[in-house]
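Contents: one structure, followed by commentary.
The values are calculated or read from the model by the stated rules, or taken from the named source; none is laboratory data. Everything numeric in this text was worked out from a predicted model, so none of it was measured. Every residue, glycine among them, receives a Cβ derived from its backbone with ideal geometry; neighbour counts consider all protein chains shown. Side chains included, ligands, DNA and RNA excluded: accessible areas come from the protein's heavy atoms. Shrake-Rupley method; radii C 1.70, N 1.55, O 1.52, S 1.80 Å.
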Amino acid sequence: DPLTSPRMRCTACGAEVPAGARFCPSCGQPTSTTASRAEERRIVTVLFGDLVGFTSVAERLDPEQVKRLIDSCFEGLVAVVAEFGGRVDKLMGDAILALFGAPVTHEDDPERAVRAALRMQEVIREQGGDLQMRIGINTGEVLVGTLAGRSEEHTSELQSPMYLVCRL
């Protein structure tokens with residue numbers, strides 16, 4: 001009955017979506033019920049980088065200088081991750097978490113992560129000053145999927161490879 005059944009709207013185009021539909025009939029966007037099933041196990045290589053000595057450097061600088069320094073560092077680091085086919089999952093203060101193998105998998109993802117790590121070290125050295133970066137890399141199985149109905153992929157730090165790489 002059209003009067004009593006809930007009407008769904010496509011989150012992408014706003015068109016009305018029939019109850020129980022898995023895709024929008026107008027634009028083809030998966031519905032939220034489809035998205036919630038889009039989780040899959042993947043072998044990914046996780047790279048975690050942490051600036052060493054950042055706290056002591058930050059204590060000596062003005063907040064504006066600290067922000068410019070961090071922005072400059074991470075702008076270069078994010079570009080390096082993308083250059084080697086990875087995706088930055090999170091930027092956390094003075095740390096970066098990147099995935100190689102999600103959403104796009106390459107047979108050489110572990111090698112790409114190592115090459116990215118070496119280039120990241122160069123980027124930090126080029127910044128000059130007292131900054132150094134510790135980098136850990138780990139490969140393992142994680143669950144990749146949507147989070148809270150959002151369209152981009154997410155992983156969880158509680159999964160073994162993600163947790164371990166942050167401890168390396």
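Of the candidates Leu158, Leu91, the single residue that is outside any loop (DSSP other than H, G, I, E, B), open to solvent by 50 Å² or more (accessible area, probe 1.4 Å) and either modelled with pLDDT under 90 or farther than 28 Å from Pro30 by Cα (or both) is Leu91. Taken over the stretch 39-71, the criterion of being surrounded by fewer than 13 Cβ atoms within 10 Å (Cβ to Cβ), over 15 Å from Ala102 (Cα atoms) and in contact (Cβ under 8 Å) with a residue 40 or more places away in the chain is satisfied by Ser56 alone. Just so you know, in the stretch 116-136 the residues that are part of a helix (DSSP H, G or I) and without any contact (Cβ under 8 Å) to a residue 24 or more places away in the chain include one that is least open to solvent (accessible area, probe 1.4 Å), and it is Gln121. Within the stretch 72-88, the set of residues being in contact with a strand residue (DSSP E or B) (Cβ under 9 Å, 6 or more places away or on another chain), open to solvent by 20 Å² or more (accessible area, probe 1.4 Å) and at negative phi comprises Val78, Ala82, Phe84, Arg87, Val88.
If the condition is being without any contact (Cβ under 8 Å) to a residue 12 or more places away in the chain and open to solvent by 60 Å² or more (accessible area, probe 1.4 Å), then the stretch 94-115 contributes Glu107, Glu111.
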